[in-house]
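Derivation of every value follows stated rules applied to the coordinates shown; laboratory data play no part. Remember, predicted model here, so these are calculated numbers, not experimental data. We place every Cβ from the backbone using ideal geometry, glycine too, and count neighbours over all the protein chains shown.
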Amino acid sequence: MRQSRWMRTGIILTAVLFFLTAAGCAGSQSVKKVTALFQKKKELAPRYLDFEDVLIPGELEVDKKSVYQSPGFSGGVLTLKGRVDMISLVTFFTANMPKDSWIVVSEFKSPRTKLLFQKDRKRCVISISEGILKTEVEVWIAPATEEGSPDNGLLR
C-alpha cells in the first residue's frame with residue numbers, strides 16, 4: 001500500500017509540475033509575441049521625415065542627411081538603409097508618391113533603380129540599390145527650374 005501511495009503522490013506532483021511549467025512557458029511566449037508585434041508595428045509604420053510630402057517605409061533608418069529648408073520648401077538628400085528588398089521599395093514608392101500629388105516621370109530598373117517624380121515646382125529622384133546585408137535608398141528633392149532658364153528644358 002505504501003508503494004502505491006508514493007506512486008500516486010509522485011504522479012500527481014509530476015503532473016502539477018508539468019502543467020505549471022507548460023503554463024509558464026505558454027504565458028512567457030504569449031507575452032513575447034505580443035511585445036514583438038507591438039514593437040514591430042511601431043517600428044514598421046511609414047512616416048514622413050524631413051520632406052513633408054515623401055512617405056518613407058518604416059523599415060528604413062536614416063543613415064545620412066543633407067537637407068536645407070526655407071519657408072515653403074525643403075530640399076536636399078536623405079540616405080536611408082534597411083533590410084527591405086528592392087521590389088517592395090519600388091512598389092511602396094510608386095503606390096504612395098501619387099497620394100502626395102507626385103507624378104511619376106520615369107522609372108529605370110537595374111541593380112541601382114531610379115524613380116523620378118515631379119510636382120508643382122519640385123522634382124524628386126529616389127535611388128534604390130541592394131547591398132549584401134542592407135538596401136540603400138537615396139531620396140533627392142530639388143526645386144524645378146523656371147521656364148526660359150539656361151537648363152534648356154533638361155529638368156522638365
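Remark on residue 123: its backbone amide H falls under 5 Å from those of 142, 144, a criterion applied only to residues 5 or more positions apart or on other chains, H modelled at 1.01 Å from N.
Taking the fewest neighbouring Cβ atoms within 10 Å as the starting point, the ordered list for 51, 73 is 73, 51.
The residues 146, 138, when put in order of fewest to most other Cβ atoms within 10 Å, stand as 146, 138.
All Cα-Cα separations within the stretch 42-87 were binned at 5 Å from zero, giving a P(r) of 5, 19, 29, 24, 14, 7, 2, 0, each value a whole percent of the pairs.
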